[in-house]
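**Q** Please see the structure below; I have some questions.
Read-outs: derived from the displayed coordinates by stated rules, not from any lab. All figures in this text were calculated on a predicted structure; none of them were measured in a lab. Counting neighbours? That spans all protein chains shown, and the Cβs are built from the backbone with ideal geometry, glycine included.
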Amino acid sequence: GLASLDLDIGGMHCASCSSRIERVVGRMDGVDAASVNLAAETGKFVFDPSLVSRREIREAIAGAGFTSEVRS
Ligand code: 9UX
């Protein structure tokens with residue numbers, strides 16, 4: 001089944017930042033939804049864990065230039 005990942009995301013300073021994360025992560029195989037809230041500095045991602053991992057999603061965000069921490 002699908003899983004979700006909620007992150008605190010650091011380094012976003014404008015709406016193009018949040019849009020870029022949504023685009024980059026949203027294009028990944030196995031990611032069904034990517035929603036980033038610039039003001040709250042959070043992101044929610046829905047994915048198929050048989051196709052992509054939490055680590056890979058966070059690595060893609062890091063590759064785009066942003067930090068992330070898993071929300072508890
Ligand atoms: Mo906006 Mo984000 O000018 O890297 S795109 S700050």
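**Q** Residues in region 1-18 that are within 14 Å of the ligand (Cβ to nearest atom), among the small types (Gly, Ala, Ser) and touching a residue at least 12 places away in the same chain (Cβ under 8 Å): how many?
**A** Keep residues of region 1-18 that are within 14 Å of the ligand (Cβ to nearest atom), which gives 9-18.
When the remaining residues are screened for being among the small types (Gly, Ala, Ser), the result is 10-11, 15-16, 18.
Imposing the further condition that a residue be touching a residue at least 12 places away in the same chain (Cβ under 8 Å) reduces the set to 10-11, 15, 18.
Adding up the residues that qualify gives 4.
**Q** Just the residues that are crowded, with 17+ Cβ neighbours inside 10 Å and in contact with an Asp or Glu (Cβ under 8 Å, 6 or more places away or on another chain), please, taken from region 1-19.
**A** Answer for region 1-19, where residues must be crowded, with 17+ Cβ neighbours inside 10 Å and in contact with an Asp or Glu (Cβ under 8 Å, 6 or more places away or on another chain): LEU7, ILE9, MET12.
**Q** Here's another thing I want to ask about it. Is it fair to say VAL25 is away from the ligand (no atom under 13 Å from the Cβ) and among the β-branched types (Val, Ile, Thr)? Before you say what the answer is, go through the steps one by one.
**A** Working: away from the ligand (no atom under 13 Å from the Cβ): yes; among the β-branched types (Val, Ile, Thr): yes.
When the stated conditions are applied, VAL25 passes them.
**Q** If you don't mind, there's one more thing I want to ask. Would you please name the residue that is farthest from the chain's Cα centre (by Cα), looking only at residues in region 20-47 that are surrounded by 14 or more Cβ atoms within 10 Å (Cβ to Cβ) and among the small types (Gly, Ala, Ser)?
**A** Per the stated criteria, the residue is GLY30.
**Q** Here's another thing I want to ask about it. I'm checking my understanding of the structure. Among residues of region 55-72 that are farther than 15 Å from ARG27 by Cα and not β-branched (Val, Ile, Thr), which one is surrounded by the fewest Cβ atoms within 10 Å (Cβ to Cβ)? Spell out the reasoning first.
**A** To start, the set of residues in region 55-72 that are farther than 15 Å from ARG27 by Cα comprises 55, 62, 65-72.
Remaining after also requiring not β-branched (Val, Ile, Thr): 55, 62, 65-66, 68-69, 71-72.
Details: ARG55: 8, ALA62: 12, GLY65: 11, PHE66: 22, SER68: 22, GLU69: 10, ARG71: 12, SER72: 5.
Across region 55-72, the extreme among qualifying residues is SER72.
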